[in-house]
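For reference, the structure is listed below as structure tokens.
The values are calculated or read from the model by the stated rules, or taken from the named source; none is laboratory data. Keep in mind the model is a prediction, meaning the values are calculated, not measured. Cβ atoms come from the backbone with ideal geometry, glycine included; neighbour counts cover every protein chain shown. Ligands, DNA and RNA are excluded from the accessible area calculation, which covers all protein heavy atoms including side chains. Shrake-Rupley method; radii C 1.70, N 1.55, O 1.52, S 1.80 Å.
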Amino acid sequence: MIKKRIKYIEDMDNIIELPLLASRGVVIFPYMVLPLLVGRDRSIGALEQAMEEGKQILVTAQKDETIEDPEKEDLYDVGTISEIKQLVKLPNGMIKVVVAGIARAKILEFIQEEEYFLVKAERLETDEEKDIQVEALMRSALDGFQEYIKYNRHLPAETMLTVNNIEEPGRLADVIASHLELKLKDEQQLLETIDVKERLETLLAFLSNEIEILKVEEQIHKKVRKQVEKTQKEYYLREQLKAIKEELETDSDDLEIQEYEEKAARLDLPEKVAERIQEEISRLSRTPSMSPEATVIRNYLDCVLDLPWGIYDEEEIDLEEAEKILNEDHYGLEDVKLRILEYLAVRKLAPEQKGPILCLIGPPGVGKTSLGRSIARALKRKFVRISLGGVRDEAEIRGHRRTYIGSRPGRIINGMREAGSSNPVFLLDEVDKMTADFRGDPAAALLEVLDPAQNTDYTDHYLELPFDLSQVLFVTTANVSYPIPPPLLDRMEVIEISGYTDEEKVEIANRHLIPRVKEEHGLDDENIYFSRNAIYRIIREYTREAGVRNLERKLATVARKVSKEIVEGRERQARITTQNLEKYLGVPIFKDEKAEKKNRVGVATGMAYTQAGGDILDIEVAVVPGKGKLMLTGSLGDVMKESAQAALSYIRSKSQLLGLEEDFHEKYDIHIHVPQGAVPKDGPSAEITIASAIASALSNRPLRGDLAMTGEISLRGRVLPVGGIKTKVLAARRSGLKMVILPLENQKDFQEIDEKIRRSVKAEFVEHMDEVLELVLLDGEQGEI
């Protein structure tokens, strides 16, 4: 049993009266020597009283250090009996005092509170019995404190020598605690812990937490120091490099300026462009190389000097070779091929002729985009393609001005830069998919690009220099023409590409699609064979399109399944016929639709033009008792609703000729419905169909079911021309109809259709709605209702 012996109070009683000094933000432990700066009246009075009566004082911490004049409730109950070692009065009235902790004490009673605190306190004795557990705790504390000193740069290593010589466990805990950077409440907790074993355990917990904090601080310090060292190293190396450059009288900036000047000299630059480039090079030479402005100038010079100024692909115009290339790449499309050959012929006779601006309009999958590549191949020119689908910012076309951060040239100039030639074939894909918003109208920005009278001096906002686009062959593509603004459409030569016939699709499949599918899937003629009838069935029952894109997908589906069978050893050669087609493609998606050829009352067959090609649709009219209301259903657009009104007005004007009651419009409601109600429909080309169906329903006379019709009518019955004639006729033919009724003014369009198709479908051309009714209304033959 080791008993603490303090010479100052060894003969004193445990209950003592002492002045009290309230400390702010600090806890004094026994064996701890600490300087304090005292300025409050009560604290100064307590020190003066202690100096008169043995130099001992009780130091107790405040619970809240922000309280300027604490009361007894603001003080902790447990403090430290301390001896005043030194006291110095300062000129400003404050006192600097050095105190040494002796023993713990608990306040029992406040005797005086006015001039200074005088308290009766009980000295707290500590029994320091050392057993195995305490010895283990002491060793752990020493090890932990040694690791703490390792990470704490503020404690000298000699501190560990002092601590190692301490044998008393309580003293060891107090000395170590006095060196830790703990919170006030944690320090007070250690001070109030009388049991040595419990105090050591609490100390170890705090010590472990502090070590972890110091480790994280060390990692942060190392990371920051490494970054600082890297920055200092880079600065030092830059300074060295700068000194070397000055010593050798060779600056990389001078080399960069020289490279720009040499590159500009090699190009055939217009005078205005050469002057501007020289100005920018001069600006770069005066600008610090590391400044942001220098980067902007470099980017600008790189862009301008990469453009193909005066660089043109040499042309070797050979009409036979060009025609051969066009025929190799595409089947059909005779109008487009003829126009390209005409351009080549004119180009050969007049080399300075400006390039045409072609606009290929047709359904998806008919080969518009790939045709652009074939044109470039036939002309032996570079090919550039940009997609305009979804573009809604004018700056995408004309570029951003250099005042903006991250500015860049528009797509046109970037395309020319990519081509490396001033006369490429430039494809502007999906020109009908552009939209305008608050950032501008990209279609308006294309006006200058696609105008042969203006594009000799096309100016991009980024370049701010004229660039000649007059030798570029621009080809644009679109699915339909109506979204294209009229001023832009007026600048282009429109070539409509209608959908393919089934026969053309079969030829395209045999010549282009099947060989490509075989190559992509590692197959050859010995592995797979498609019969002609199988291809026909795929076209009619598994695809419904004007082009051949889905047809290629279905062929690829068959090829994948055949490849799997060959790899598994189940097949060596697959013959795809109509009998086994469902094995590879499943149940047909579409019924091989044929129009119902029954003569029916109030049902007329019309022809429609869609973005996916032509189609036929039935227009149904029902007459029911009512008050003359016109009902329209089937997702009809505004134009189609107006067409129904116009058709009804015409029929009312012909009521006597049709044998109708004069007041039928007051006694009956007319309901017009176009099936496939979920599909939006619009346009005026169904007017003669609607008028025929209304006339049939009101007169109860059946309509011929073996024909289809299209055309717009005026209020006086004149039949007006419509568009998409070839596509509509193909749809009628595909549906098994042998006769179509067309406006007389569309006769020229019908003549442009392939002769084979014209022979299979009879066309009746009409000028007036009366002629239509004579052709479609049947007399004395009741049809189905």
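When the pairs 629/654; 564/728; 263/382; 272/382; 641/667 are compared against a 30 Å limit on Cα-Cα distance, 564/728 fall above it. Spacing of the modelled spin labels on residue 437 and residue 266, each 7 Å from Cα toward Cβ, amounts to 4.2 nm. Near residue 727: Cβ cut-off under 15 Å, other residues only, Lys/Arg at +1 and Asp/Glu at -1. The net charge is -1. Peptide packing: for 464-472, 375-383, the average count of neighbouring Cβ atoms within 10 Å per residue gives the ranking 375-383, 464-472, highest mean first. For residue 223 and residue 532, a Förster radius of 60 Å and the Cβ-Cβ distance give a FRET efficiency of 0.25, rounded to the nearest 0.05. In region 53-100, the portion of solvent-accessible area held by carbon and sulfur atoms comes to 47 percent [1.4 Å probe, whole percent, DNA, RNA and ligands not counted]. (1) 142, 85, 66; (2) 109, 59, 44; (3) 88, 64, 47: which one is Cα extents along the principal axes in Å as calculated from this entry? Answer label, from the structure shown: (1).
Between residue 290 and residue 507, how high is the FRET efficiency from 1/(1 + (r/R0)^6) when r is the Cβ-Cβ distance and R₀ = 45 Å? Nearest 0.05. Taking R0 as 45 Å, the efficiency between residue 290 and residue 507 is 0.10.
Computed extension length for residue 255-residue 158: 28.9 nm, one decimal, from 0.36 nm per residue of separation with the Cα-Cα distance subtracted. Restricting attention to region 119-226, lysine pairs at least eight places apart or on different chains and with alpha-carbon atoms under 21 angstrom apart total 10.
When peptides 521-532, 419-430, 491-502, 654-665 are sorted by average Cβ neighbour count within 10 Å, with the highest value leading, the order is 419-430, 491-502, 521-532, 654-665. Between 33, 18, 47, the Cα set farthest toward the positive side of the dipole of the chain (charges on each charged residue's Cβ, about the Cα centre) is that of 33.
Classify region 384-499 as rounded, prolate or oblate from the Cα gyration tensor: take a ≥ b ≥ c as the square roots of its eigenvalues, call it rounded if a/c is under 1.5, otherwise prolate when a/b beats b/c and oblate if not. Because a/c hits 1.5 or more and a/b fails to exceed b/c, region 384-499 counts as oblate. Could you work out how far helix 292-306 tilts from the main Cα principal axis of the chain, as a 0 to 90 degree angle to the nearest 10? In the chain, helix 292-306 runs at an angle near 30 degrees to the longest axis.
In the context of the full set of protein chains, residues of region 133-253 present 65 Å² of accessible surface per residue (probe radius 1.4 Å, heavy atoms only). Relative protection proxy for 108-121, 387-400, from highest mean packing down: 387-400, 108-121 (other beta-carbon atoms within 10 angstrom).
Per atom type, region 259-345 shows carbon and sulfur on 47% of its accessible surface, probed at 1.4 Å.
For the chain, the share of DSSP beta bridges that are antiparallel, to the nearest 5, is 60%.
Remark: spin-label model distance residue 311-residue 767 equals 6.1 nm, labels positioned 7 Å along the Cα→Cβ axis.
Each of 489, 151, 308 was placed along the dipole of the chain (beta-carbon charges, centred on the mean Cα), and the one lying farthest toward the positive end is 489. For residue 567, neighbours were defined as the other residues whose beta-carbon sits under 12 Å from its Cβ, and their charges (Lys and Arg +1, Asp and Glu -1) total +2.
I want the local charge near residue 586. Using Cβ-Cβ distances under 14 Å, sum +1 for each Lys or Arg and -1 for each Asp or Glu among the other residues. For residues surrounding residue 586, the net value is +4. Once you order the gyration tensor axes a ≥ b ≥ c over the Cα atoms, which shape class does region 275-338 get: rounded for a/c under 1.5, otherwise prolate or oblate by comparing a/b with b/c? Note, shape of region 275-338 comes out prolate.
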